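Notes for the one structure printed next.
The values are calculated or read from the model by the stated rules, or taken from the named source; none is laboratory data. Remember, predicted model here, so these are calculated numbers, not experimental data. Cβ coordinates were reconstructed from backbone atoms using ideal geometry, including for glycine residues, and neighbour counts include every protein chain displayed.
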């Protein structure tokens, strides 16, 4: 097989890392930093590279995932069928190509009929009804598992708590229905008026307001928000209703009391779909809510089944996105932010301007080359775009507006945080601060170390890390395991209960999988995927430390650049000392020697309550590594309920269904593992 060029491997890894980060910023934090257009460009480039080089396949790639992981504050639930994202199109020719692909897969020259519907700019959710009653609701989350928001969804007045029995159809025994939660323009205006009357900051746009409202831990707050919903499809198919088309499915949902969008059009040809897209785009500003495109779906359900899905999106549907919304504004200043690896990123501070309903004040300029290519200067009038109606980017400079007073930006010769000399390596676009003690880097390294894919320390958020570093309580990530509960209580917004929870979360995190430990160290070029490859190949930290650059480079999917980075990282005495201090704190790496034994093949587990020594993610990893499956809800298909302290309603359901209930000790014994020390 042809050897894959190192530059291609590095580019794929860089794209994956960037997209994972942007997924987290967009879907979890509601704080995106790049435009939809830039995100789509990176996703398309990554998809093309992976298709050209199948050997680079990685199940954890952003192309096989949707969004990002669920928020830790909420219980999670598994979707019976993944909530996939849609492929995007931006031109008529791409829609025609989509139709051509559909007919090619189906091996037909006949016209395919589609159902088209507005693409709402809100938050996707899944609701589960059993015997006509709403029993659960969740966000899309990472597409596989969502955040449980049942109490919040129950406050939405357009969500029926009981399905309607019109006599036309039997109410299904179980119905998983999917919809989009949003806030109308009028509701958004009233909400911001209420915010201002209480001297609270207004929301930036309806989508962020809807997302924030659904993620309230106190459902009484959600009840005061003007949330609405339109339903657009189902998860698991109706098992007791015979439906032949997507349009018939939507009509059935409507008969059951579930609201569907009145602008949906059924049974149109691809040419008619393109015409309707133009009609919708023309009236988007007249609608009482935001839409950012149109969704086109093959109407016939049997054809949908034949078309199936890729790992990321269905082959039978596509989103035709509207053109980006643009405004002009001025660049007031350009400053520089320092990241975890020391990369200096220039950021434009803009004269505030409303773009598509959101106030835009800042835009990332990526790097020095990007600024030079676009010739962006301080004082310039620029065209700002919110591609996909979500996030800003500087598209270009309006040179005709120049007065001659504009100032050319130059990357600083010294780090703006620590004052150390910065460098730019030959062949790289990034300028870096190489001072390993730089506080800006330290803060970002600690944030990375405690993040979801690493030690996953619940409660150690960005603002708390900033405080801990500024006050000298954290000088390296090893110091996390020595935080004093009493001193933490003295920090801003940290009371006794919060401090106690944080210390407990830190203690729980001490049992960690080898791949997550490697990822947590923040070794340059070692993302989650590479960390898993290294962990699988070398089995233990001692083996990896003893490996030569040539041995590491020989591992498929690694290459010379990554190998050199790993060797150099472990060569540094300061890094070894920090790792030694981590282990002195009783951190235990869970080496998965049993991983291929598949002792739990096809067994279905549900987790509830708080386990003594394991996080849910750790328990889930152990189950899946042994061949088992983890579900978010108890059913007759559940084999075991693993119950920790303070279990929820899942325990009652398990008892009612006769599901075997086990504690952590029995669970670990089942895996032939000792209790973590």
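A few points about this structure:
- Leading residue by the ranking (nearest to residue 182 (Cα to Cα)) among those in the stretch 289-300 that are at pLDDT 90 or above and in a loop (DSSP other than H, G, I, E, B): 289
- For the stretch 532-630, the helices (runs of 4 or more DSSP H) that sit wholly inside it and include 3 or more residues that are in contact with a helix residue (DSSP H, G or I) (Cβ under 7 Å, 6 or more places away or on another chain) and surrounded by 20 or more Cβ atoms within 10 Å (Cβ to Cβ) are 560-571.
- Among residues of the stretch 308-344, those that are surrounded by fewer than 17 Cβ atoms within 10 Å (Cβ to Cβ), farther than 14 Å from residue 381 by Cβ and at pLDDT 85 or above, counted: 5
- A residue that is under 20 Å from residue 144 (Cβ atoms), surrounded by fewer than 18 Cβ atoms within 10 Å (Cβ to Cβ), modelled with pLDDT of 80 or more and touching a strand residue (DSSP E or B) at 6+ places or on another chain (Cβ under 7 Å) can be found somewhere in the stretch 638-648.
- Summed over the stretch 82-93, the residues that are over 13 Å from residue 125 (Cα atoms) and either within 26 Å of the chain's Cα centre (by Cα) or touching a residue at least 60 places away in the same chain (Cβ under 8 Å) (or both) give a count of 6.
- Listed conditions (1) surrounded by 18 or more Cβ atoms within 10 Å (Cβ to Cβ); (2) out of contact with any helix residue (DSSP H, G or I) (no Cβ under 6 Å at 6 or more places or on another chain); (3) within 23 Å of residue 526 (Cα to Cα); (4) without any contact (Cβ under 8 Å) to a residue 60 or more places away in the chain are all met by residue 505, apart from (3).
- Tally, over the stretch 643-667, of residues that are farther than 13 Å from residue 605 by Cβ, assigned to a helix (DSSP H, G or I) and within 33 Å of the chain's Cα centre (by Cα): 5
- Filter pass, residue 121 being more than 21 Å from residue 181 (Cβ to Cβ) and in the same structural domain as residue 207 (by TED's automatic domain parsing): no
- Residue within the stretch 105-124 that is within 27 Å of the chain's Cα centre (by Cα) and within 21 Å of residue 634 (Cβ to Cβ) present: no
- Checking the stretch 149-159 against the condition returns a match, with at least one residue being surrounded by fewer than 15 Cβ atoms within 10 Å (Cβ to Cβ) and closer than 29 Å to residue 252 by Cβ.
- Matching option when the condition is part of a loop (DSSP other than H, G, I, E, B) and either under 19 Å from residue 18 (Cα atoms) or touching a strand residue (DSSP E or B) at 6+ places or on another chain (Cβ under 8 Å) (or both), among 362, 340: 340
- Hey, residue 271 under 29 Å from the mean Cα position of the chain (by Cα), free of Cβ contacts under 8 Å to residues at least 60 places away in the same chain and on the phi < 0 side of the Ramachandran plot or not: no
- Restricting attention to the stretch 95-120, the residues being free of Cβ contacts under 8 Å to residues at least 12 places away in the same chain and closer than 14 Å to residue 320 by Cβ number 1.
- Of the residues making up the stretch 62-81, those that are surrounded by fewer than 21 Cβ atoms within 10 Å (Cβ to Cβ), in a loop (DSSP other than H, G, I, E, B) and modelled with pLDDT of 75 or more are 74, 75, 80, 81.
- Residue 158, sole failed condition from (1) farther than 30 Å from residue 359 by Cα; (2) touching a residue at least 60 places away in the same chain (Cβ under 8 Å); (3) outside any helix (DSSP H, G or I): (1)
- Among the conditions (1) within 31 Å of the chain's Cα centre (by Cα); (2) over 20 Å from residue 317 (Cα atoms); (3) in contact (Cβ under 8 Å) with a residue 12 or more places away in the chain, residue 255 misses just one, which is (1).
- Test result for residue 487, free of Cβ contacts under 8 Å to residues at least 40 places away in the same chain, assigned to a helix (DSSP H, G or I) and more than 26 Å from residue 13 (Cβ to Cβ): yes
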